[in-house]
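The values are calculated or read from the model by the stated rules, or taken from the named source; none is laboratory data. Every value quoted in this text rests on a predicted model; they were computed, and no experiment measured them. Methodologically, a virtual Cβ is constructed for each residue, glycine included, from the backbone with ideal geometry; neighbour enumeration extends over all protein chains shown. Only protein heavy atoms, including side chains, enter the accessible area calculation; ligands, DNA and RNA are left aside. Shrake-Rupley method; radii C 1.70, N 1.55, O 1.52, S 1.80 Å.
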Amino acid sequence: MNKTLTKTSYLNGLNCEKLLWLESFSPKLIKPPTAFEQNLMDDGHEVGRLVQDLFPGGKEVSKSITDRNERIIITNNLLKRGVKAIYEATFFVDNIEVRIDALIKVEAGYEIRELKSTKWKSNSSKKDKKFEKHISDVAIQYYVLDKLGIIITNSFVMAINGEYIRGNQLITHSLFKAINITEEVLDAQASIPLKIKIFNQILADDQHEPNKDIGSYCHVNNQKCGAKKYCWQEQRKIPSYSVFEIFTLGVKSLDLYQEGITNIKDIPDDYESTPLQKFYIDHWNNKSLEINHKELNTFISELKFPLFHLDFESFNPAIPKYKNSMPYQQIPFQYSIHIEHNDENCDHREFLGDPKADPREELICQLLSDIKGDSSVIVYSSFEEKRIKELAKDFPIYSDELLSILPRIKDFEEIFKKRYYYSYQLEKKWSIKKVMQLLVPKMESKYTDLKAAGKVSCGEEAILACKKLFVEDNPNEIEVIRKELFDYCELDTLATVESLRAIRAIHLSNKHKGN
């Protein structure tokens, strides 16, 4: 018997038939979602649960019911009763099972309402690649219902209103934007039968994996396919740093691949490349290091001690949790500051709020106290500067003091992003951890020790730990989580302290040589 197509597997098939087959017959070859990726999916489910607030008075086909036939029977009974809203209505035809977030009874039939965690703003477009996937999602729902003789008058995606600002209470109807995609869904119907036929043929053969080559579909909405390691490294032996990193997953890299070229060293010398691409190619092939001491001198000479090394941790919930916050807004809840003195001694200051209450104002007050002065504030990337600007906007009473920090900021990342210091070992990456591994390799063990102990060891895990604090009531467990967050965040600013010291030492050594 064929495996059943679901909405998810149908959408996978639209992107890549091979992925459809692998998920059905060789799921172990697909990298499972990380804890952070699973958390993002859970956020989407949390958004989906709000459907009953948007369309109250309906009936739900319980997700706990695993038997499809039972779900269909319940759905049909609710249809016969004329229930005005059915949540998770289940239908099956042509070997496709669909579940609908909300099927809304209207005078002439029904409307499909699909809740998505996608952010929609006034300048958003239905032609965005991610949104086109939502249209395909609703289109297959429409197809199944139409085949069963259920009249659908309109189809909507209920996306998150990216311009919504929460007040004292969450207003669910204001949180969502209803985007009418009826026309797009109808336009998609003509192509669906052939796709279903092809997908069902694939699912009827558990012995033969589709011979699908790699292509632009290996990245979907900037996300790598879970089967990439299998398809790229195991099957085609493509190196982890390859022509696809130099030219991205586009026409040039695919042309080289078709010619049998995946290693950077095999790119022809006369191959058309931008100056920057040529830079990366040459440095990789020559295994070289390049240092622009003039620019390093400019950066270092402008530093004013003591240096305040600052790092924020934040989370960005799809559903705003605090007054005067927006969907997906970055909410700083923690920071670490290492104060580096000219004699190389360091002081450390830190803050970690309670996310059960809005942590931002308390964070602001302590930050302004901890970072007093006019000396340099060292950050890595523009993240901290953006958060300070947002805090100044959302809490205008502190605006002047917060904005006065900005002229003091020196972005250490610029040294690597602009290649004032570049080693081929960095490839095309310059995260603080990548830089730290190169400049201060002894520090890497501090992160790996945290990871080995099952403690917070990266930014994504810090976000998950913060989310645990939302629901954890056990004081002992709360204390454990908070300590992990303190230890990790302190390590991030220590990494910038040690990496900047290494850069200063390299530059000083060059000066002593008289260069």
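A few remarks follow.
- Any hit, segment 168-187, residues being basic (Lys, Arg) and under 23 Å from Leu20 (Cβ atoms): no
- Residue that is nearest to Thr153 (Cα to Cα) [pool: residues in segment 91-114 that are of a type outside the set (Gly, Ala, Ser) and open to solvent by less than 10 Å² (accessible area, probe 1.4 Å)]: Ile112
- Residue identified as of a type outside the set (A, V, I, L, M), open to solvent by less than 20 Å² (accessible area, probe 1.4 Å) and in contact with a helix residue (DSSP H, G or I) (Cβ under 7 Å, 6 or more places away or on another chain) among Phe308, Phe312: Phe312
- For segment 287-296, the count of residues that are aliphatic (A, V, I, L, M), open to solvent by less than 40 Å² (accessible area, probe 1.4 Å), within 30 Å of Glu390 (Cβ to Cβ) and touching a residue at least 60 places away in the same chain (Cβ under 8 Å) is zero.
- Within segment 472-491, residues that are open to solvent by less than 60 Å² (accessible area, probe 1.4 Å) have Cβ atoms under 7 Å from residues that are of a type in the set (Val, Ile, Thr) in these pairs: Glu472/Ile478; Glu472/Ile481; Glu484/Val456; Leu485/Val456; Tyr488/Val456, counting only partners at least 6 apart in sequence or on another chain.
- Check on Asn39, within 25 Å of Ala188 (Cα to Cα), modelled with pLDDT under 95 and of a type in the set (S, T, N, Q): no
- The listed residue being outside any helix (DSSP H, G or I) and under 24 Å from Ile339 (Cβ atoms), out of Val497, Val456: Val456
- Counted residues, segment 244-285 - those being more than 16 Å from Gln425 (Cα to Cα) and of a type in the set (S, T, N, Q): 6
- Criterion (loosely packed, with under 14 Cβ neighbours inside 10 Å, at pLDDT 90 or above and of a type outside the set (A, V, I, L, M)) met by exactly one of Thr34, Thr4, Thr8: Thr8
- Some residue of segment 22-30 being touching a strand residue (DSSP E or B) at 6+ places or on another chain (Cβ under 9 Å) and of a type in the set (A, V, I, L, M, F, W, C): no
- Residues located in segment 323-356, provided they are at pLDDT below 95 and within 20 Å of Phe486 (Cβ to Cβ): Asp354, Pro355, Lys356
- If the condition is being without any contact (Cβ under 8 Å) to a residue 40 or more places away in the chain and closer than 23 Å to Ile202 by Cβ, then segment 24-50 contributes Pro27, Lys28.
- Tally of residues being over 24 Å from the mean Cα position of the chain (by Cα) and within 25 Å of Asp374 (Cβ to Cβ) across segment 410-419: 2
- Verdict on Ala190 being open to solvent by 20 Å² or more (accessible area, probe 1.4 Å), of a type outside the set (Ser, Thr, Tyr) and free of Cβ contacts under 8 Å to residues at least 12 places away in the same chain: yes
- Among the residues of segment 323-359, those identified as more than 23 Å from the chain's Cα centre (by Cα), without any contact (Cβ under 8 Å) to a residue 60 or more places away in the chain and part of a strand (DSSP E or B) are Ile339, Asp347, Arg349, Phe351.
- Of the residues in segment 445-458, none is crowded, with 17+ Cβ neighbours inside 10 Å, hydroxyl-bearing (Ser, Thr, Tyr) and in contact (Cβ under 8 Å) with a residue 60 or more places away in the chain.
- Candidate set: segment 74-90, residues that are within 16 Å of Gln52 (Cα to Cα) and assigned to a loop (DSSP other than H, G, I, E, B); chosen: the one least open to solvent (accessible area, probe 1.4 Å): Val83
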